[in-house]
Every structure is written in structure tokens, then in C-alpha cells.
1. To test your reading of the geometry: what angle, between 0 and 90 degrees and rounded to tens, separates the Cα axis of helix 116-131 from the longest principal axis of the chain?
2. Please give the helix 72-86 orientation as an angle from the longest Cα principal axis of the chain, in degrees from 0 to 90, rounded to the nearest 10.
3. Kindly provide the helix-only [θ] at 222 nm of the chain, computed as the sum of -39,500 (n - 2.57) over DSSP H runs of four or more divided by all residues, to the nearest 500 deg cm²/dmol?
4. Based on the Cβ-Cβ distance from residue 49 to residue 19, what FRET efficiency comes out when R0 is 25 Å, to the nearest 0.05?
5. Multiply the residue separation of residue 37 and residue 130 by 0.36 nm, subtract the distance between their alpha-carbon atoms, and state the gained length in nm to one decimal.
6. With axes computed from alpha carbons, what is the tilt in degrees of helix 102-114 against the longest principal axis of the chain, rounded to the nearest 10 within 0 to 90?
7. Counting other beta carbons within 10 Å of each Cβ, put 102, 87 in order, fewest first.
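Each reported figure results from applying straightforward, stated rules to the coordinates on display, with no laboratory input. Predicted, not measured: the structure shown is a model, and the values here were computed from it. Methodologically, a virtual Cβ is constructed for each residue, glycine included, from the backbone with ideal geometry; neighbour enumeration extends over all protein chains shown.
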């Protein structure tokens, strides 16, 4: 089974979650907690965590109305990646030491690359906000 077909159900769930800001906020909180747990156990995942944090900032900026420059597809992909990351029983269950996170990392990197152009635009926007 390839990433795209495996990820399809998470993207569909993301589209439902995106209809409810409270669910999106809950997802962001769950993502932050899991990421904190992951980082406490492994410093080598710094680059991975930075990618997840960018995704979280993009979703937060979108639902708050601060930034609305990326398409719905990008939002669905980002939220789908966050859902996949926080779901403990995905392709490789997270309870399996070391291997449990490999599919999460793989999906996050795949989505990150898939929406790279939107991420770059968002990060440029963030830099202009910081300068202002």
C-alpha cells in the first residue's frame, strides 16, 4: 500500500475536522503534547519537530483568519498529517518502540514536500510579520 492510498482516510477526516474550529484547536493541542513527548525521548528528531511546528502554525493562522493564502487542499493535507501523527494506531502502531514513529515521520515529510511552495509562502509571510 502506498502513502497516498493510506493517507486518503486521514485527509477525509481532516476535511471534517476543519469544519469545527474547536476540533482543530484540540488537534493542535494533541499534536503539541505528542511532539513534546517525542522530543523528550529523542533529540535527533529536531528537524522533524520543526516541520510539524510549521504545519501547526499554518493551521492556526488559517483558522484565526490571520493568513488565508493557501488552498483548501493544502489545509486538508496539513490537518491530515497532524491527525496521522497523533493517531496511535496507524499503519505502524506508535507503541512499537522506534518503528512506531517511522510511518508518522514518513507521512509528515511527504506532506511537507507536497505543499512546500505554500509552506515557503507562509514562512515568508511570518518573516514580514516579525519585521513589522
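1. The angle comes out near 50 degrees.
2. 40
3. Details: 6 runs with 99 residues, N = 132.
Helix contribution divided over all residues of the chain: -25000 deg cm²/dmol.
4. Approximately 0.35, to the nearest 0.05.
5. Contour length minus the Cα-Cα distance gives 30.6 nm.
6. That helix lies at roughly 30 degrees to the long axis.
7. 102, 87
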